[in-house]
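Novice: Quick one: structure below, then a few questions.
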Amino acid sequence: MINVVAAVIKDENERILITQRNLKKSQGGLWEFPGGKIEPNESREHAIVREIKEELDIDIEVKAYLSEKVFNYPEKDINLIALECKMINGEIRLLEHEDYKWIFKSELDKFEFVPADGFIIEIIKKHK
């Protein structure tokens, strides 16, 4: 089981940051909530702050735990932990991804997301 964190980063206009996976990686070209693997002896909060800095070169703070769910891919099982976050500093630089967009929750269905992120999309849609 691989523990993975995903950031639901919102701006002051309630737009959500989504990123497009690197075309050379697994599920390349699909959209996702950015994040990555939790390292041994690392908290989920520290992991998401580190991953977002490594991938997008911005600083974030964790606002709330949203939910988590185990997702079974053919080659691996992941426990995906969704955290609501806020960008606090920096300008987005694409260090790992193909693209990024700030979108409203009403636009989520316009993008093809990695399968594991489906439960996060449902949480966002239900949240007022």
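Novice: If you take the charge dipole of segment 17-128 about its Cα centre, with +1 on Lys and Arg Cβ and -1 on Asp and Glu Cβ, which of G118, N79, F33 is farthest toward its positive end?
Specialist: About the Cα centre, the residue reaching furthest to the positive side is G118.
Novice: Need the full-extension length gain, W102 to V70, defined as separation in residues times 0.36 nm minus the C-alpha distance. One decimal, nm.
Specialist: Between W102 and V70, full extension yields 8.9 nm more.
Novice: Could you tell me how far the Cα centroid of segment 50-128 sits from the Cα centroid of segment 1-30, in Å?
Specialist: 4
Novice: Keeping every protein chain present and rolling a 1.4 Å probe, give me the accessible area per residue for segment 46-110 in Å².
Specialist: Result: 58 Å² of accessible area for each residue.
Novice: With charges set only on the Cβ (+1 for Lys and Arg, -1 for Asp and Glu), what does the dipole of the chain come to about its Cα centre, in debye to the nearest 20?
Specialist: Once rounded to the nearest 20, the dipole reads 300 debye.
Novice: Based on the Kirkwood radius over alpha-carbon pairs, what is the Stokes-Einstein translational diffusion coefficient of segment 16-55 at 10 °C with 1.306 mPa s viscosity, in µm²/s?
Specialist: Estimated diffusion coefficient is 144 µm²/s.
Novice: Starting from the Cα of E112, step 7 Å toward the Cβ, then list every residue of segment 8-27 with an amide N under 12 Å from that point.
Specialist: 27
Novice: Rolling a 1.4 angstrom probe over the protein chains, ignoring ligands and nucleic acids, what is the accessible area of D59 in square angstrom, nearest 10?
Specialist: Taking all protein chains as shown, D59 has close to 50 Å².
Novice: Also, I was wondering about something else. Work out from phi, with θ = phi - 60° and the Karplus expression 6.51 cos²θ - 1.76 cosθ + 1.60, the ³J(HN,Hα) of each residue of segment 31-37, listed in order in whole Hz, and give x for Gly and Pro.
Specialist: Going residue by residue, I get 9, 7, 8, x, x, x, 6 Hz, with x marking Gly and Pro.
Novice: Another question about this same structure. What are the extents of the Cα atoms of segment 7-82 along their three principal axes, listed from largest to smallest and rounded to whole Å?
Specialist: 38, 30, 22
Novice: Now for a separate question. Keeping the other protein chains in place, figure out the carbon and sulfur percent of the accessible area of the chain, with a 1.4 Å probe.
Specialist: 47
Novice: Next up: Would you calculate, for the chain, the mean residue ellipticity at 222 nm contributed by helices, counting each DSSP H stretch of 4 or more residues as -39,500 (n - 2.57) and dividing by all residues, to the nearest 500?
Specialist: Taken over the chain, the calculation gives -5000 deg cm²/dmol.
Novice: Further question: Let me test this: with uniform point scatterers at the alpha carbons of the chain, what is the Debye-based log₁₀ I(q)/I(0) at q = 0.15, 0.22 1/Å?
Specialist: Rounded to two decimals, the profile gives -0.64, -1.57.
The values are calculated or read from the model by the stated rules, or taken from the named source; none is laboratory data. The shown structure was predicted, so the numbers you read here are calculated from the model rather than taken from an experiment. For neighbour counting, all protein chains shown are included, and Cβ atoms are generated from backbone atoms with ideal geometry for every residue, glycine included. Ligands, DNA and RNA are excluded from the accessible area calculation, which covers all protein heavy atoms including side chains. Shrake-Rupley method; radii C 1.70, N 1.55, O 1.52, S 1.80 Å.
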